[in-house]
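The values are calculated or read from the model by the stated rules, or taken from the named source; none is laboratory data. If you're wondering where the values come from, they're calculated on a predicted model, not measured in any experiment. When we count neighbours, we look across all protein chains shown, and the Cβ atoms used for this are built from the backbone with ideal geometry, even at glycine.
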């Protein structure tokens, strides 16, 4: 049996990474022997689909469970299809997370813990790339995601400072919401364990 843990570094003593698809490392661990395979995430900088690609990578490695801070819906679907258990809300050192898993102190998730694109950041740039403004307005086409964005999430000012601030506020609110959900899951699991 092998389990995968998202990590900020290549060691069992590094912290668990809160993001799944954009974590720096996957540590594939045999919980019995603690033998570890370190995989540097090749999809960390992918424009989209990092979660799906990362999930497929771990499925191909034959893992039976994934321990992570958060798992989005696309990666969650890949894991569900492959019969891989997802355990989100994990924090602390990788080694400790594996020990909690071995002792049965963590429960599998029944749904994704965050929305799509959670770990991507909000894009605080101003579009001043190497294209030289030759896009002919094609960048103004709206994506399906843009159509579902709520109006109150939009920044009220177009200055870079306020846009960055609004983006950070939105991202922090989203993270707080995800943490609240994790706390509810942890509390429910504690109640189950305590009887």
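One table, with the values for the structure above:
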item: Matching entry among 46, 58, 12 (being surrounded by 15 or more Cβ atoms within 10 Å (Cβ to Cβ) and in a helix (DSSP H, G or I)); result: 58
item: Failed criterion for residue 20 (all others in (1) assigned to a loop (DSSP other than H, G, I, E, B); (2) over 18 Å from residue 90 (Cα atoms) hold); result: (2)
item: Scan of segment 70-87 for residues that are part of a loop (DSSP other than H, G, I, E, B) and modelled with pLDDT under 90, ordered by number; result: 70, 71, 72
item: Count of residues meeting criterion [free of Cβ contacts under 8 Å to residues at least 24 places away in the same chain and surrounded by 17 or more Cβ atoms within 10 Å (Cβ to Cβ)] in segment 15-38; result: 1
item: Lone qualifier among 52, 3 - being surrounded by 15 or more Cβ atoms within 10 Å (Cβ to Cβ), more than 20 Å from residue 184 (Cβ to Cβ), modelled with pLDDT of 90 or more and under 12 Å from the mean Cα position of the chain (by Cα); result: 52
item: Segment 23-43, residues that are touching a strand residue (DSSP E or B) at 6+ places or on another chain (Cβ under 9 Å), farther than 15 Å from residue 97 by Cβ and not in a strand (DSSP E or B); result: 24, 35, 41
item: Test: residue 105 is in contact with a helix residue (DSSP H, G or I) (Cβ under 8 Å, 6 or more places away or on another chain), under 22 Å from residue 190 (Cβ atoms) and surrounded by fewer than 20 Cβ atoms within 10 Å (Cβ to Cβ); result: yes
